[in-house]
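Read through the structure below, which is laid out as structure tokens, and then see the notes.
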Amino acid sequence: MKKNIYFIYGCAFVLFSLASCGTDTKEPEKTTPVKVEVNRVPAPDFNADSAYAFVKAQVDFGPRVPGTAAHAKCADYLVAKLKSYGLETSIQKGTVQTFDKKQFSLKNIIASFKPDAQSRILICSHWDTRPWADEDTKNADKPFDSANDGPSGVGVAMEVARQISKTQPNVGIDIIFFDLEDYGTSGNNESWCLGSQYWSKNLHKPNYYANFGILLDMVGGPNALFPKEKTSVDYASSAVDKVWKAAADIGYGNYFSPQVKTFVGIDDHVFVNKAGIPCIDIIEYNQATGGFGDYHHTHKDNMDIIDKNTLKAVGQTLLEVIYNEK
Ligand code: AHN
Ligand code: ZN
């Protein structure tokens, strides 16, 4: 259902009524108004079934824990898909040390549409799985499927990649899937987001710039609520306003709440902002916990909590923003 858009149907209705005066023709259907969206370029239709399939494909590899075969296979899969959509795709490799003194070779997956366009939007998410369900009461030392935490954002971005390959937007688009976001420990901000930290110090192109960035984190839960996240408002308020207005314009104001909430200590957008690109975080807030959902870093984070309606709300909003950017 579309809200907050202008409907021009009165004239059509009056003309139709006059035309049918004095005849036995039926009353015109009042339920089919001629809709005219004001000042918006129509965006292609975001396919939530396709986005869902991209989420499931990642989860089907098994937990994408750094250093495992599932992690390596998932990277190959994402790169091959992005290349198949004609995006200029590469893997940024680097070596990082985790808080528990282990070394990992990280893979940031980077894909560009219209790589030479000046005006660009960056869409990002993380694609690694946390090695432990340490917020769970059972099997807290074991990895979990992690469908919402990582794959939901990657799945939405993959569907955006597929759509822009079919219908070209005016602007360039960069998609970055950061690695090793989730191998952190609480109370140590620098232990998280190792992929985006590496990228912020080693940009994939010299002087890389985008008009703004949009980080997607946990964008697939049922009835998800996305308030304006505080760091995003502080560093990238015009991008926040643009995205939340687009969502309201196309009828997704019930997902994108105008409230500002402080609940994200650290996330990849912090490091994108450190690189000088204003970047927002679309991230689910749970009213009951006052923080993340109760599935967060537990075995509950699996395909059962992925809702196509939420993927659609976020994905369609992104397309709306992309196709209206100059
Ligand atoms: C912390 O949990 C400290 N930061 C949120 C970043 C994150 C982890 N997003 C998903 N998983
Ligand atoms: Zn996480």
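The values are calculated or read from the model by the stated rules, or taken from the named source; none is laboratory data. Every value quoted in this text rests on a predicted model; they were computed, and no experiment measured them. Using ideal geometry, Cβ is built from the backbone for each residue, glycine included, and neighbour counts are taken over all protein chains shown. Quick note on the areas: whole protein, heavy atoms, side chains included, nothing else; ligands and nucleic acids left out. Shrake-Rupley method; radii C 1.70, N 1.55, O 1.52, S 1.80 Å.
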- Task: Compare the Cα positions of A51, G265, I110 along the charge dipole of the chain (+1 at Cβ of Lys, Arg; -1 at Cβ of Asp, Glu; about the Cα centre) and return the one farthest towards the positive end.
- Result: I110
- Item | Two-site label geometry, N189 and S165: point separation in nm, points 7 Å out along Cα→Cβ | 3.8 nm
- Message: With both bridge residues required to lie in the chain, what share of the DSSP beta bridges run antiparallel, to the nearest 5%?
- Response: 50 percent
- Among segment 281-319, those whose backbone N falls under 17 Å of a label point 7 Å along Cα→Cβ from A140 are 294-301
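Translational diffusion coefficient, Stokes-Einstein: compute it for the chain using the Kirkwood radius over C-alpha pairs as Rh, at 20 °C and 1.002 mPa s, and state it as an integer in µm² s⁻¹.
Values: Rh = 20.6 Å.
For these conditions, the coefficient is 104 µm²/s.
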- With labels modelled as points extended 7 Å from the Cα through the Cβ direction, what inter-label distance (nm, one decimal) is found for M303 paired with A69? 2.0 nm
- Task: Please calculate the 1.4 Å probe accessible area of F54, with all protein chains present, and give it to the nearest 10 Å².
- Result: 10 Å²
- Message: Need the list of lysines near K228 for cross-linking: C-alpha distance under 25 angstrom, and skip anything on the same chain fewer than eight residues off.
- Response: K2, K3, K242, K245, K261, K274, K308, K312, K326
- Task: At 1.4 Å probe size, with no ligands or nucleic acids counted, give the accessible surface of K300 in Å², nearest ten.
- Result: 110 Å²
- Rounding to the nearest 20 debye, state how big the charge dipole of segment 74-169 is about its Cα centre with +1 on each Lys and Arg Cβ and -1 on each Asp and Glu Cβ. 400 debye
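Using the beta-carbon distance between K83 and D49 and R0 = 25 Å, what value does 1/(1 + (r/R0)^6) give for FRET efficiency, to the nearest 0.05?
Details: r = 22 Å, r/R0 = 0.90.
After rounding, the FRET efficiency stands at 0.65.
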- Query: For the chain, with only Lys/Arg (+1) and Asp/Glu (-1) charged at the beta-carbon, what is the dipole magnitude about the Cα centre, in debye rounded to 20?
  - Reply: 740 debye
- Can you give the extra length, in nm with one decimal, that the chain gains between N207 and R40 once fully stretched, where that is 0.36 nm per residue apart less the Cα-Cα distance? 57.0 nm
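Kindly provide the helix-only [θ] at 222 nm of the chain, computed as the sum of -39,500 (n - 2.57) over DSSP H runs of four or more divided by all residues, to the nearest 500 deg cm²/dmol?
-10000 deg cm²/dmol
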- Counting only protein heavy atoms and leaving out ligands, DNA and RNA, the solvent-accessible surface of Y209 at a 1.4 Å probe, in Å² to the nearest 10, equals 120 Å²
